[in-house]
Structures are given as C-alpha cells and as structure tokens.
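Student: Below is the structure I would like to discuss, written out as structure tokens.
The values are calculated or read from the model by the stated rules, or taken from the named source; none is laboratory data. Bear in mind the structure is a predicted one, so any value in this text is a computation, not a measurement. We place every Cβ from the backbone using ideal geometry, glycine too, and count neighbours over all the protein chains shown.
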C-alpha cells in the first residue's frame, strides 16, 4: 500500500490544487498508517521545500512520525516551537501528540507541565489526554499519581455536565408565550411554508452537548 501511495503522489499533476497542504497531510498520514516513516519524512521535506504554511494537523502527524522514528522529546519540543513560530497554534491534536511523545519517553513530569500550559491557554484536556498521562504512571506502578490524574478528570467531567445542565435550565424569552399562540406554520401570504422544529427534550439536548457522558443520563 505504501508503494502505491508513493507512486500516486509522484504522479499527481503539478498544478497548485494537487499540491496544497491537504494533499500532503493525506499522503503523510497514509504513509504513517503503513509504517513508512522514512517516506513520510521525505514527503514532508518536499512540503517544507515548497514553503507551504503548516497547520495543526500537519504538525501533529509529524510529531507522530518523529516518535515512531525513535527521536527524542527534546527534538519534538524544538520542532513544536519552530512550528509555533510558523503560525501553528496550540491545539488539542498537537499537544496530544506532544504529550504522547513525552510520556512514551518516560518524561512524565514534563508531559504534565505541557498539559498545565495547555490548560492555561484555555484548551481543555479530553479523555485521550488524561489516559495518555495516566498510562506511564500505571506502567511504573505509581498508582497514587495515576489516581490523582483520574480524580482531576472526574472533577472536570462533573463541572462540565453541571454547566451544560445549568444552560438547559436557563429560562428563555419564548417560554412565557403559551404554546397555543406559537404558529406552527407560516402566515398564508408566505409562498413557502415554514415549520418550526419539534420541541427538544432536555435529555436529548444534554446528550448532544455531552456525547461522552451519555451513560450518566441513563442512570436513575
């Protein structure tokens, strides 16, 4: 598969639309999936030589390539800083890849520092970040440290669910209007009928807002 992907890439038309960042990201991602990390680096070198502006997807993929290639956390951090200067902002995908890099290398404290900096910038850790942080502590039998990270995640989950429920319970201006006075179709002079959507239940809304916590909504 990797050979076919490289042949396809080399035979793409030379026009600009076939040489944008999305094409490069797809090719590099495909090569990573095939375990062709050296080829992924070669394609990335071509990408850089063409002075195409990187994005957060490109940066996170390359951090994975560097990790799989056996490079060090220091190299990953320097690469991230360079990408940051080139306009790649802190994002969940990029920082997640960076934290994974440090955790796999055993640099647990450094990974926690990066996570703390991410939170300061207003980016909330997701379950993948927390699992990545807990994994090296669990593997090294540091149960207390892993439990602290788990409890932090649990508290944030409760806080997020509470904010979502508060938003749902907030009264809206339309709530004071009797349901019988709300027209379900448009006036007769309108050419196209306008139908209002069916009422949304609080449970359905909560499920949409908190897809990761649907199991909580089914609890008695």
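Student: Within the bounds of region 19-32, is there any residue that is exposed (fewer than 10 other Cβ atoms within 10 Å of the Cβ) and modelled with pLDDT under 95? Working first, answer last.
Tutor: Quick first cut of region 19-32, residues exposed (fewer than 10 other Cβ atoms within 10 Å of the Cβ) only: none.
There is no residue in region 19-32 that is exposed (fewer than 10 other Cβ atoms within 10 Å of the Cβ) and modelled with pLDDT under 95.
Student: Also: Identify, by number, the condition in (1) within 22 Å of residue 108 (Cα to Cα); (2) buried (at least 19 other Cβ atoms within 10 Å of the Cβ) that residue 88 doesn't meet.
Tutor: So the condition that residue 88 fails would be (1).
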